[in-house]
1. Kindly evaluate ILE219 against the criterion of being assigned to a strand (DSSP E or B) and either modelled with pLDDT of 95 or more or not aromatic (Phe, Trp, Tyr) (or both).
2. Among (1) of a type in the set (Asp, Glu); (2) in a helix (DSSP H, G or I); (3) open to solvent by less than 50 Å² (accessible area, probe 1.4 Å), where does ASP147 come up short?
3. How many residues are of a type in the set (A, V, I, L, M, F, W, C) and open to solvent by less than 40 Å² (accessible area, probe 1.4 Å) when one looks only at region 122-144?
4. List every residue pair whose Cβ atoms lie under 6 Å apart, where the two residues are 6 or more positions apart in sequence or sit on different chains, the first residue falls within region 104-131 and is at pLDDT 95 or above, and the second residue, located anywhere, is among the polar types (S, T, N, Q).
5. Take the residues of region 171-181 that are assigned to a helix (DSSP H, G or I) and within 22 Å of GLU118 (Cα to Cα): which is least open to solvent (accessible area, probe 1.4 Å)?
6. State which residue pairs qualify: first residue farther than 14 Å from GLU15 by Cα and inside region 65-78, second residue open to solvent by less than 60 Å² (accessible area, probe 1.4 Å) and modelled with pLDDT under 95 in any location, beta carbons under 9 Å apart, and separation of 6 or more residues or different chains.
7. Among the residues of region 186-207, how many are out of contact with any Leu (no Cβ under 7 Å at 6 or more places or on another chain) and either open to solvent by less than 70 Å² (accessible area, probe 1.4 Å) or modelled with pLDDT under 95 (or both)?
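The values are calculated or read from the model by the stated rules, or taken from the named source; none is laboratory data. Since the model is a prediction, treat every value here as computed from it, not as a measurement. Ideal geometry is used to build each Cβ from the backbone, glycine not excepted, and the neighbour counts take in all protein chains shown. The area values use the complete protein model at the heavy-atom level, side chains included, leaving out ligands, DNA and RNA. Shrake-Rupley method; radii C 1.70, N 1.55, O 1.52, S 1.80 Å.
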Amino acid sequence: MNIFSIFQDDLIYHEFQPLYRLGHHQSLYAYEGLLRNTFNQNPEHVFQTAIKANILYKLDTLSITKAMESFVNTGLDCKLFLNIYITTILHPSFRHYFDHLMKAHPSMEGRLVLEINESSAEELWQNPLLKQALKGLREYGVWYAIDDFGQGTSSIKKSMEYEPEVIKLDRYFAMDLAQDPKKQRFLSFFSQFYSEDTLIVLEGIEKQEDMEVALEMGIAIGQGYHLGRPGRLLA
């Protein structure tokens, strides 16, 4: 696939994976939009190719636009989680782009959650313009999430400095959770520490028993194949 052809042809689309409130009566909380392409190439490979070609901002904003359009067309009224690169947020054209996007889709105000990967380069997290940019997005009721929390070396520090509305725990913590007392103790501590002002999402839930233990440990929202696989949404 020629990375530049993405902008000439309709080669990308999105699948959406549900996030559920855990409990005896599970209820839909949100969907996460996930980039796909007609060549079935790994999305991470597509983005890495865009970085090398110096067109990451263009691809990232195209992905956000198409995901939001697809989601709005379904008529769903839950939240929408979308991944975004810090470099996109810091791009000088992003605020103008985002203002235009939200004006085009006013129904999404207060329903959008932007996911920033926790393992992004440290110098990007330390850029003084990042907090200012995030503050501007919150004028639209945008939440933001630290994604894959626990992969980096300064996870706790980032969560305290940036005060995200959502923390998405890396799928590592869900793997065999029911048989791992250390993970259970960590999730229990983590949910107690953050529960008052931060929503905790556990990713990668693939077994019923792991979901049940996560609920016992105080985790409110879950995501993973056991709860629902990514798929196209019908308008």
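1. Values: assigned to a strand (DSSP E or B): no; either modelled with pLDDT of 95 or more or not aromatic (Phe, Trp, Tyr) (or both): yes.
No: the conditions fail for ILE219.
2. (2)
3. Count: 6.
4. GLU115/ASN83
5. Of region 171-181, the ones assigned to a helix (DSSP H, G or I) are 171-173, 177-179, 181.
Applying the additional criterion that residues be within 22 Å of GLU118 (Cα to Cα) yields 171-173, 177.
Details: ARG171: 121, TYR172: 122, PHE173: 27, LEU177: 0 Å².
Among those that are assigned to a helix (DSSP H, G or I) and within 22 Å of GLU118 (Cα to Cα), it is LEU177.
6. Pairs that qualify, where the first residue is farther than 14 Å from GLU15 by Cα and the partner is open to solvent by less than 60 Å² (accessible area, probe 1.4 Å) and modelled with pLDDT under 95, are LEU76/LEU233.
7. Of all residues in region 186-207, those out of contact with any Leu (no Cβ under 7 Å at 6 or more places or on another chain) come to 186-199, 204, 206-207.
Among the residues that remain, those that are also either open to solvent by less than 70 Å² (accessible area, probe 1.4 Å) or modelled with pLDDT under 95 (or both) are: 186-199, 204.
Residues that pass the stated criteria total 15.
Yes/no per residue for (1) out of contact with any Asp or Glu (no Cβ under 8 Å at 6 or more places or on another chain); (2) closer than 30 Å to GLU69 by Cβ; (3) without any contact (Cβ under 8 Å) to a residue 24 or more places away in the chain:
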residue	(1), (2), (3)
GLU165	yes, yes, no
ALA178	no, no, no
ARG185	yes, no, yes
TYR194	yes, no, no
LEU215	yes, no, no
ILE221	yes, yes, no
GLY224	no, yes, no
GLY228	yes, yes, no
LEU234	yes, yes, no
